[in-house]
Amino acid sequence: MKTILNVIWLILSGFWLFLGYLLAGVLLCITIIGIPFGIAAFRIGMYALWPFGYTTVERRDAGAPSCLGNVLWLVLAGWWLAIGHIVTGFLLCLTIIGIPFGIANFKLIPVSLFPLGREIVRSDQPFASR
């Protein structure tokens, strides 16, 4: 079932969201300071490309640097990536079939705004990395 949902997601919105994260990652990797943010964009882009079967969990070892990084991320890329999720989610919710995918888009908004200090893990093992 996860595969079917991921294929439909890929066609309806996943590919376009992935391209947005890819663009953000490339732009952020232009400077040395932006490389960690670019890597985060690539990581979240892969999650946005194929989200069903995965979830995000907070990292307990993330501290003040990830908080500061999230503020910088919000200013540099997070706000417009979140707008992409809002617009895509709204458009998907216009159809009955698209409602679950629109809701999935809305669930990606917090990750797109504050990705640092979070880890993407398989849904069946959300605490396996601890």
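Each value in this text was obtained by applying a stated rule to the coordinates, not by laboratory testing. On a predicted model such as this, the values are computed, not experimentally measured, just so you know. Positions of Cβ are generated from backbone atoms using ideal geometry, with glycine treated the same way; all protein chains shown enter the neighbour counts.
Quick notes
- Couplings for segment 79-94, taken from phi via the Karplus curve 6.51 cos²θ - 1.76 cosθ + 1.60 with θ = phi - 60°, read 5, 7, 5, 5, 4, x, 5, 5, 5, 5, x, 5, 5, 5, 6, 6 Hz in order; Gly and Pro are left as x.
- Highest mean packing comes first when the peptides 29-35, 74-80, 13-19 are listed by Cβ atoms within 10 Å, giving 13-19, 74-80, 29-35.
- On Cα atoms only, tilt of 64-73 relative to the major axis of the chain in degrees: 60 degrees
- Phi angles of segment 15-28 translate, via the Karplus equation with coefficients 6.51, -1.76, 1.60 and θ = phi - 60°, into HN-Hα couplings of 5, 5, 5, 4, 4, x, 5, 5, 4, 4, x, 5, 5, 6 Hz per residue; Gly and Pro are given as x.
- Stretch gain in nm, segment VAL121-ARG60, where the contour uses 0.36 nm per residue and the Cα spacing is subtracted: 20.5 nm
- With R₀ set to 35 Å, the beta-carbon distance separating TRP79 from LYS2 gives a calculated FRET efficiency near 0.70.
- Amide H contacts for TYR54 (H built 1.01 Å from N in the peptide plane; partners 5 or more residues away or on another chain; cut-off under 5 Å): SER123.
- Other residues with beta-carbon under 15 Å from the beta-carbon of GLY78 carry, at +1 per Lys or Arg and -1 per Asp or Glu, a net charge of +2.
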